[in-house]
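Since the structure comes first, as structure tokens, the remarks are kept for the end.
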Amino acid sequence: MIRVENLEKNFGKRKILDKISLQVDLGDIYGIIGYNGVGKTTLLKTMAGIYKSDKGKVTLDDKEIYENAYCKSKCFVMTEEVSFFPQSCLDDMSKFYRGYYKNFDLEIYGNLKKAFMIDGKQKNRSFSKGMLRKAGLIIAFSVGADYIFLDEAFDGLDYLMRKWVADMIRSYVKKRKAAIIIASHNLNELENLAGKIALLDEGRFSYNGEVKNIKEKYGLSLEKFFEKERKIGEVDWNEIF
């Protein structure tokens, strides 16, 4: 279980996260939504122990996660811009991650390469955006982490591939008893995938709970709920154009 309690994070004088609290249990598919620059990536990286919180705390199984090798070995973060060495290939990256993740599963790695039709010997610098996203997902689901953080997991993928990746996530969580935390703008995918959702707005959660409660309580789709909760003014485009 990852528990976030009254988390605050600043960059310089700008407060990015303000008194954030949530709990992620094994078996959860948890969606974090919000517009650009609101702090979704910062939240993921702080939850995974990459960033240190300024106030509050983040624990994994009641252990402080920051600078804790045991906790970090149970987490994997796939950032929006997948960071692979451009001069290397996917097979090289798998060796790199095998050195850190003792539960790295070579069989799953091989199966995912075939499923995604990615050549493990091809240089990373030659990958398109979509291919790089697939390569990142291959590594993410091969390391054997209990908690996988995905930043814009569906970005650069076509409709059929997004559906395919969503099915993969469901299967991984079910069979491995793991948890997936997804920051995404793709509300349609998250509505049908995540069991829980948190709407991050101006550094705080305006909603944090089960997706089904949005429909039951408000009678809205996730997209309509996001539009309702997002704090931006209405614009009459006829006055502009």
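The values are calculated or read from the model by the stated rules, or taken from the named source; none is laboratory data. Worth saying up front: this structure is predicted, and the values here are computed from it rather than measured. As a convention, Cβ positions derive from the backbone with ideal geometry for all residues, glycine included, and neighbour counts pool all protein chains shown.
Suppose we filter the range 172-188 for residues that are outside any loop (DSSP other than H, G, I, E, B) and under 15 Å from Arg133 (Cβ atoms); how many remain?
So the count comes out to 2.
Give me a count of the residues in the range 112-169 that are modelled with pLDDT of 95 or more and hydroxyl-bearing (Ser, Thr, Tyr).
The total comes to 2.
Determine the pairs where a residue that is touching a residue at least 60 places away in the same chain (Cβ under 8 Å) and more than 23 Å from Asp201 (Cα to Cα), located within the range 168-187, has a partner that is part of a loop (DSSP other than H, G, I, E, B) and among the aliphatic types (A, V, I, L, M) with Cβ atoms under 6 Å apart, the partner being 6 or more residues away or on another chain.
Final answer for the pair search is Lys177/Leu26; Ala179/Leu26.
So, of the residues in the range 15-47 that are touching a helix residue (DSSP H, G or I) at 6+ places or on another chain (Cβ under 9 Å), modelled with pLDDT of 95 or more and assigned to a loop (DSSP other than H, G, I, E, B), which turns out to be surrounded by the most Cβ atoms within 10 Å (Cβ to Cβ)?
Ranking the candidates gives Asp28 first.
With (1) touching a residue at least 40 places away in the same chain (Cβ under 8 Å); (2) assigned to a loop (DSSP other than H, G, I, E, B) as the list, and Asp119 as the residue in question, which single condition is left unmet?
(1)
Do you know which residues across the range 74-111 are buried (at least 16 other Cβ atoms within 10 Å of the Cβ), assigned to a loop (DSSP other than H, G, I, E, B) and free of Cβ contacts under 8 Å to residues at least 40 places away in the same chain?
Within the range 74-111, just Asp105 meets the criteria.
Here is a yes/no grid of residues against (1) exposed (fewer than 14 other Cβ atoms within 10 Å of the Cβ); (2) charged (D, E, K, R); (3) part of a helix (DSSP H, G or I):
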site: Asp167; (1), (2), (3): yes, yes, yes
site: Leu190; (1), (2), (3): no, no, yes
site: Leu199; (1), (2), (3): no, no, no
site: Asn213; (1), (2), (3): yes, no, yes
